[in-house]
Amino acid sequence: MFGGKKLFLSFGGIGFIPFAPGTFGTAVGLLVIVALEKFAKIPHDILIFGIVLAAIFLTFIAIPLIKSVTRGHDVDQSWIVIDEVVGIMITILPFLFFAELTLLHILVAFGMFRFFDILKPIGIKSIDNRKTPSSVMLDDIVAGVYAMIGGVLFMQILNKVVA
């Protein structure tokens, strides 16, 4: 059905789920991080460093693979979800940095990332409109940064309201 390139870009085939593949890609990417944090007993500083390195590695591997698989045409195909995985990796970083992950952190990170990824505000849409292999990754990286900032601000506001 598909080879190693498509398997990588679809994050193990998740992107081929027939509805909401980006949402499923985000969810599974987040579940991998949560599983590492909860069950692998990796110290947070090493986990954070590993996530940053993995996001960089995945991005630099994905860009030429997207170009190869799509042959430069229709590069932002819905089954390509490795970009969502990288975006959620970025979004979750401050939650890992400041505390043990809670269900609230996970839901806020997921919601914020999907919000910015779907609506594409504040320049994300212009990146997405470039329709290049790099822009496939970059729009989700920027959405991840915005979601990271939005998530931290949301948690700060929530902490002040609840306190």
Practice task
Enter the accessible area per residue of segment 1-114 (Å², integer; probe 1.4 Å; all protein chains in place).
Solution key: 51
Handout entry: Alpha carbon centroid spacing (whole Å) that separates segment 112-154 from segment 1-58
Key = 17
Fill in the blank from the handout: Among Lys5/Lys67; Lys6/Lys120; Lys67/Lys125; Lys6/Lys67; Lys125/Lys160, the pairs whose Cα-Cα distance exceeds 22 Å are Lys6/Lys120; Lys125/Lys160
Completion exercise
Taking N as the residue count of segment 54-115, its alpha carbon Rg divided by 2.2 N^0.38 Å gives 1.35
Completion exercise
Reported to the nearest 10 Å², Phe60 has, with a 1.4 Å probe, an accessible area equal to 140
Practice task
Would you kindly give the portion of the calculated P(r) for the chain that falls above 23 Å, as a percent of all Cα pairs?
Solution key: 36
Completion exercise
With the 8 Å Cα cutoff and a minimum separation of six or more residues, segment 1-159 has a relative contact order in percent of 28
Fill in the blank from the handout: In whole percent, the fraction of accessible protein surface over the chain that belongs to carbon or sulfur atoms, probe radius 1.4 Å, stands at 74
Exercise for the section: Any chance you could look up the accessible area of Val136 with a 1.4 Å probe, heavy atoms only, rounded to 10 Å²? Expected result: 0
Exercise for the section: Could you give the size of the charge dipole of segment 1-144 about its Cα centre, using +1 on the Cβ of each K and R and -1 on the Cβ of each D and E, expressed in debye and rounded to the nearest 20? Expected result: 340
Completion exercise
Output for segment 18-82 (equivalent-ellipsoid semi-axes, sqrt of 5λ from the C-alpha gyration tensor, Å, descending) is 27, 16, 6
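The values are calculated or read from the model by the stated rules, or taken from the named source; none is laboratory data. The structure displayed is predicted, hence computed values, not measured ones. Note that we place each Cβ from the backbone using ideal geometry, even for glycine, and neighbour counts take in every protein chain shown. Note: areas computed on protein heavy atoms with side chains; ligands, DNA, RNA excluded. Shrake-Rupley method; radii C 1.70, N 1.55, O 1.52, S 1.80 Å.
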